[in-house]
There are 2 protein chains.
Amino acid sequence: MKPSEGRARVVVEDVEPQVDCGRFPVKRVVGERVQVTAAIYGDGHDHVAARVLSRPAEEAEWRSVRMQALGNDLWNAEFTVDAIGGWDFCVEGWVDHFDTWVSDLGKRIAAQPVAGETRGQETREDLQLAFRTGAALLQRLSASAPKSDVAQLNEFADSLLRLAEGTDASYSDPVTDEIKELVERNPDLRFSTKSADFHVWVDRERARFSTWYELFPRSSGEPGTHGTLRDAARSIPSLASQGFDVIYLPPLHPIGKAFRKGKNNSAVAETDDVGSPWAIGGSQGGHTALAPELGDFKDFDELIRVAQDSGVEIALDIAFQCSPDHPWVKAHPKWFSIRPDGSIQYAENPPKKYQDIYPINFESEDWRSLWRELCDVFLFWAKRGVRIFRVDNPHTKALPFWEWCIHEVQKKYPDALFLAEAFTRPHVMYGLAKRGFSQSYTYFSWRNTKDELTSYMNELTTLPVRDFFRPNLWPNTPDILPEVLQKGGRAAFMQRAILAATLGSSYGIYGPAFELMDHLSVREGSEEYLNSEKYQLRSWNRDREDSLMPLLGILNQARRSHPALQRNDTLRFHGVDNPQLFCYSKRSEGDVILAVVNLDTANAQTGWTGLKMEELGLEPDEQYEVHDILSGETYSWNGPHNYVLLDPAKMPAHILHLRRQGSTNEAST
Amino acid sequence: MKPSEGRARVVVEDVEPQVDCGRFPVKRVVGERVQVTAAIYGDGHDHVAARVLSRPAEEAEWRSVRMQALGNDLWNAEFTVDAIGGWDFCVEGWVDHFDTWVSDLGKRIAAQPVAGETRGQETREDLQLAFRTGAALLQRLSASAPKSDVAQLNEFADSLLRLAEGTDASYSDPVTDEIKELVERNPDLRFSTKSADFHVWVDRERARFSTWYELFPRSSGEPGTHGTLRDAARSIPSLASQGFDVIYLPPLHPIGKAFRKGKNNSAVAETDDVGSPWAIGGSQGGHTALAPELGDFKDFDELIRVAQDSGVEIALDIAFQCSPDHPWVKAHPKWFSIRPDGSIQYAENPPKKYQDIYPINFESEDWRSLWRELCDVFLFWAKRGVRIFRVDNPHTKALPFWEWCIHEVQKKYPDALFLAEAFTRPHVMYGLAKRGFSQSYTYFSWRNTKDELTSYMNELTTLPVRDFFRPNLWPNTPDILPEVLQKGGRAAFMQRAILAATLGSSYGIYGPAFELMDHLSVREGSEEYLNSEKYQLRSWNRDREDSLMPLLGILNQARRSHPALQRNDTLRFHGVDNPQLFCYSKRSEGDVILAVVNLDTANAQTGWTGLKMEELGLEPDEQYEVHDILSGETYSWNGPHNYVLLDPAKMPAHILHLRRQGSTNEAST
């Protein structure tokens, strides 16, 4: 079948950025530039022109920016996404007959016969015909041009016609830059070719740059008491002052009593055991209720207010699973799997049984109401002022649900952010990110060696992954006390915090377990905490002298002062001649941070760096200053090779702010 | 908006092979296998299953083949394209509840309580419930199963129910392989996920493996006479006997008289000058007429018959451009560009003028009739028995036209093949291939050094290019007498023929200029032949003693005998410790050809090979025989390092057939 317009001779292909052929949006944060490239070409020798059209999805008008030829049929242009929400863009290419004519005219004029010479091949008649051709092109453009340009287009057409009828002995090029601009403003798009529309999802900046602190409100009270939301609120200002900007709370809902787990996950709870916050739902309600022991909605509103006053956000944990006591179990038994005996299927990994948890059945015939109700949970808390959600095990819920649900929430709250707790296989983690999760937990918790960290961070911070997946690096979580923290002592905690805070523009810790270096596991070989807060109250002495909070405060302050640490796309790895020393840098415009970390938690290590000077914005043999943000010391370095000594007993890393000699570029450190 | 079926929990992505996100078909030849891979996963721990569906485009029924898990959520399967024409395929994935159940059941049975022991966690009641669950799954499958399987499904469901009601002391696994196969035949596809349909274009084998010889019929006659189609026909049997299978003829149409070019492209023709066959059209007709001086349609039919009898095909040159005398010029002036003075625009590259040629205007408002007429040219000759077309400068005609036209011709003649003479930029060459050209000329003519040949042939024979672009390697054409042939003497002709015939499964030469080593250019620095046949008659003494035809015959025979030389996807490069020696291999099942070529046309070169033994199907230190197809000699080689001496004065290459010791695998050489 013939196309509807066979005269569209230009091909537009390989449009970037795109995720899965445009099936999913590319992610950006507000104010960022989207660099668009495409292969654009036509047949024959006619010149081609192209532009990028972009717009916020709800606007009708496209914004246009002309593309530049990079050579070899590749073109590029960029546009800035200046509002959060969905954006569309596409690439349009066309044959630029006027530009071809201008180029040919230049050659014709150069080949005019000159009195007394015979170098030319273009006769006066040839040139006069060329002027008439140009005039016709301009007249065609003026037919579709806006009023403001019509007169000028016609005027130039007329001047060409006068030239064609004149008796000049020789001609000089009549095409001024003004004319070129005029024509560029009025392209002949009758036979243009447009790519498909591609999509960008634009988040607020916190999607890219965030510093998380997880705490259990019930352990925030006086020792021996059940802490409350009010207690949690009291700890916020100090956390905010240390530079954390997202305070993440485990589920606050009523906890089920049926099959409640006891301390250290024992199968039978004592009567005074508080239960796991993830066994959601009781007689007082489910995912939109508060556990009475934590407080009421007045307390919750107060918590949100305190957070706002402190300039931080509360992130809630949304875990779609139910205790047998959850109201949904009675009201909507169809949302669960029913066993042949009529009972509801509890969570099971044969032969292990988790009878305190009913998973939701995403093959429910009533899936439409189910999706609606689950989505309404987010909307409920969003209405209460929550805009960040940490989603528990999203990979055990249907992926099409997430794509719909996140979109549905962001339609109403475009500033809503979602962190996926998807500790699962790479395809599934990336699949969730493509479907809308703003950030994701990663394998960072288990990447320790230089090779492991380099290859994993490379994967996360380069294309295609970085266009849809934003890592959030956690040295620990209530479920993950990695071996390095169990066995590496204080140095390990310092090293892992430094790596997380500088490798990732988003990172988080589970505290106070982290800063107080809680490192005992429930048993050898397990990553579960002994006396985990998941199953019991803990009491923490936040004022302990050896707390790592001062270090965390310095790291967080550096992250705020240095734009380089607020992004991941400029992460580069440098050489060091010692496998225990790990060296990398980040840049943002003139701001350059270089980190060297000793990965050996037991011994001092020394080595010589092998810096990629160009990646640091330095000349190959340049002399420069490095200011260590951690120690406050400043060194004079020279070229790529510099001596480093790092003693984990003191400080396992340098975080160096580079200062070029005589440069006035000094970020506040 | 919710999807229409929210229970389709499986994700299917990254389906390969595909070209430009499925926008264009992947190319294969009949009998080849299509290896399909995809990333397939769902949520949670349920097992996933998948299949590939494929069919010839005109069939309604899909053929199904089950995919195998490769790990890390990647799956694969293959199907054979056993007919020429268009094919579709897609990938379908679903949650395999029965397979999950089987796997869980195995764990449950292993965890049964055993008399006198307490190792188990699964009670008799747990297991009985599991059997009932299995029975329910089977009953569900039987509801949609074909009659032949219903009884057996129900029977096994019943047997599970009996187990559930029985009083066995302990259970053993009741799921036999027979049951597994039965269930695999009857998947539960209610909530399956299908990828988009992807497309394959399947050509006959000659699309992949062809040996071309270009000749000018008008130079095939007795010296001093204008040769005819009958003369050309007489040369076919001997070319066929030397292993050529496509005889390609420049345009056979009436040649225009207006602005006819003379010998050596001189601007003014003498009265007896024969003109360029590419200045198409005169009073006797255009693209569907024969130049009377060549003969009539009876002669043409005879030519086709002789070719068929000789087992070769005639390829015609289709050049969409017109002499001012072409009938279209009067009948359809709108198909050309009109200048402001009402005259038709001739071809021009200012200040150069080609007044003997009118290019076609693909922005004609009458483009629909134009496209139809151009397409009818192919159909006209196809009806006369021609199935291979060499298309002149396709990159100066609109790309959308080609996509439509080739498809239109192949709808009627699925065995039609098109060779693109697209000597242009890579994107454009690839764009034409994607739009349907079966083969394309390449830059091979100008790739001479080891690095140039390696990187270019790597690009052409690996993904993504090899899935849509089939190279045809030409050492010379009537337009291209490369410098190496002008200056390198006989050794250069030998070397270039050997490279073309062994690097490319399709290659061609323009003869007799090639085998008679015509090497004089019209002037220094030009690639145009002196006294080019494009503008005058030539007379060739094909029986010259120094003709390279015997070498070409040996090469072509080797190509026929060795399947390894009939494909490009197995091309691999090997080391040699001399930059002038170039070593590569091709394989097809057990057939392995290894070539070593001396790229220095002046001096003997020696070196030691560094063979990638695994690529040759050999053990690292294996001893093997190599039989030189060119010299007839056989050497005993050992491991990767073997000594080579190649003297261009004798023979610039080894083409070695590998024979493993004691192997009976001996292709006829």
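General remarks:
- Projecting the Cα atoms of B:Ala433, B:Tyr535, B:Ser54 onto the dipole axis of chain B, where Lys and Arg carry +1 and Asp and Glu carry -1 at the beta carbon, places B:Tyr535 farthest toward the positive end.
- Each other copy holds its own label point for A:Ser343; taking that point as 7 Å from Cα along Cα to Cβ, the gaps run 9.7 nm, nearest first.
- Buried surface for the A/B pair, taken as the accessible area of each chain alone minus that of the pair with a 1.4 Å probe, is close to 5800 Å² in total.
- Peptide ranges B:53-66, A:95-108, A:291-304 listed from the most packed, as the mean C-beta count within 10 angstrom indicates: A:95-108, A:291-304, B:53-66
- Each copy carries B:Asp546; placing its label point 7 Å along the C-beta direction from Cα gives inter-copy distances of 9.2 nm, listed from smallest up.
- Residues of region B:382-411 that bury at least 20 Å² of accessible area when the other protein chains are present, relative to the chain alone (probe 1.4 Å, heavy atoms, ligands and nucleic acids excluded): B:His395, B:Thr396, B:Ala398, B:Leu399, B:Pro400, B:Trp404.
- B:Glu181/A:Asp569 FRET efficiency (R0 45 Å; Cβ-Cβ; nearest 0.05): 0.35
- For the rotation carrying A onto B, the chain A residue whose Cβ lies nearest the axis, with the distance in whole Å, reads A:Cys21, 2.
- Around A:Ala649: net Lys/Arg minus Asp/Glu count, Cβ-Cβ under 14 Å: -1
- Whole-number D in µm² s⁻¹ for the protein assembly as shown, Kirkwood Cα-pair radius fed into Stokes-Einstein, 10 °C, 1.306 mPa s: 43 µm²/s
- Anisotropy class of region B:113-185 from Cα gyration tensor, a/c 1.5 cut: prolate
- With the simple spin-label model, which puts each label point 7 Å out from Cα in the Cβ direction, the B:Thr271 to B:Ser343 separation comes to 2.6 nm.
- The residues of region B:297-442 expose on average 34 square angstrom of accessible surface per residue, using a 1.4 Å probe on protein heavy atoms.
- Protection proxy ranking, peptides B:541-549, A:513-521, B:621-629, B:492-500, average beta carbon neighbours within 10 Å, highest first: B:492-500, A:513-521, B:621-629, B:541-549
- Pairs from A:Lys434/B:Lys2; B:Lys334/B:Lys412; B:Lys411/B:Lys434; B:Lys257/B:Lys334; A:Lys397/A:Lys434 whose Cα-Cα separation, in the structure shown, is over 25 Å: B:Lys334/B:Lys412
- Cleavage-rule hits (trypsin sites (Lys or Arg not before Pro)) in region A:358-426: DSSP loop, at most 15 neighbouring Cβ within 10 angstrom: A:Arg384
- When peptides B:143-156, B:8-21 are ranked by their average number of other Cβ atoms within 10 Å per residue, the highest-first order is B:8-21, B:143-156.
- Take B:Arg66, push a point 7 Å out from Cα through the beta-carbon direction, and compare it with the same point in every other copy: 6.1 nm, smallest first.
- Buried on assembly, region B:336-363 (at least 20 Å² less accessible surface than by itself, 1.4 Å probe): B:Arg339, B:Pro340, B:Asp341, B:Glu348, B:Pro350, B:Pro351, B:Lys353, B:Phe362, B:Glu363
- Nearest-0.05 FRET efficiency for B:Asp647 and B:Ser455, computed from C-beta distance (R0 41 Å): 0.90
- Label-to-label distance, nm, for residues given as A:Arg384 and B:Asn76 (7 Å Cα→Cβ offset): 5.1 nm
- Helix-only CD estimate at 222 nm, as mean residue ellipticity for chain A, using -39500 (n - 2.57) per DSSP H run (n ≥ 4): -8500 deg cm²/dmol
- Reach of A:Lys261 by Cα under 19 Å, taken over aspartates and glutamates that are not fewer than 8 positions away in the same chain: A:Glu270, A:Asp272, A:Asp273, A:Glu293, A:Asp325, A:Glu348, A:Asp356, A:Asp392, A:Asp479, A:Glu527, A:Glu528, A:Glu533
- In this Cβ point-charge picture (+1 for Lys and Arg, -1 for Asp and Glu), the protein assembly as shown has a dipole of about 1380 debye about its Cα centre.
- Each of B:Ala289, B:Gln112, B:Pro550 was placed along the dipole of chain B (beta-carbon charges, centred on the mean Cα), and the one lying farthest toward the positive end is B:Ala289.
- Centre-to-centre separation between the Cα atoms of region B:355-402 and those of region A:572-595: 59 Å.
- When +1 charges are put on Lys and Arg Cβ atoms and -1 charges on Asp and Glu Cβ atoms, the dipole computed for chain B relative to its Cα centre reaches about 1580 debye.
- For A:3-11, mean number of other protein chain Cβ atoms within 10 Å: 6
- Carbon-plus-sulfur accessible fraction, the protein assembly as shown (probe radius 1.4 Å, protein heavy atoms only): 49%.
- Shielding by other protein chains, A:545-553, mean Cβ within 10 Å: 0
- In summary, the lysines within cross-link reach of A:Lys450, defined as a Cα separation below 28 angstrom excluding same-chain residues under 8 places away, comprise A:Lys487, A:Lys586, A:Lys612, A:Lys650.
- Net charge contributed by nearby residues that have their C-beta within less than 12 Å of B:Gln605 (K/R +1, D/E -1): -2
- Peptide A:128-134, shielding by other chains (average Cβ, 10 Å cutoff): 3
- Farthest positive-ward along region B:568-669 dipole, Cα basis, beta-carbon charges - from B:Ala604, B:Trp637, B:Tyr624: B:Ala604
- Within region B:572-660: Cβ-based charge dipole about Cα centre, in debye rounded to nearest 20 (Lys, Arg +1; Asp, Glu -1): 200 debye
The values are calculated or read from the model by the stated rules, or taken from the named source; none is laboratory data. Note that the coordinates shown come from a computational prediction; the quantities given were computed from them, not determined experimentally. Using ideal geometry, Cβ is built from the backbone for each residue, glycine included, and neighbour counts are taken over all protein chains shown. Ligands, DNA and RNA are stripped out before the accessible areas are found, and what is left, the full protein with its side chains, is counted by its heavy atoms. Shrake-Rupley method; radii C 1.70, N 1.55, O 1.52, S 1.80 Å.
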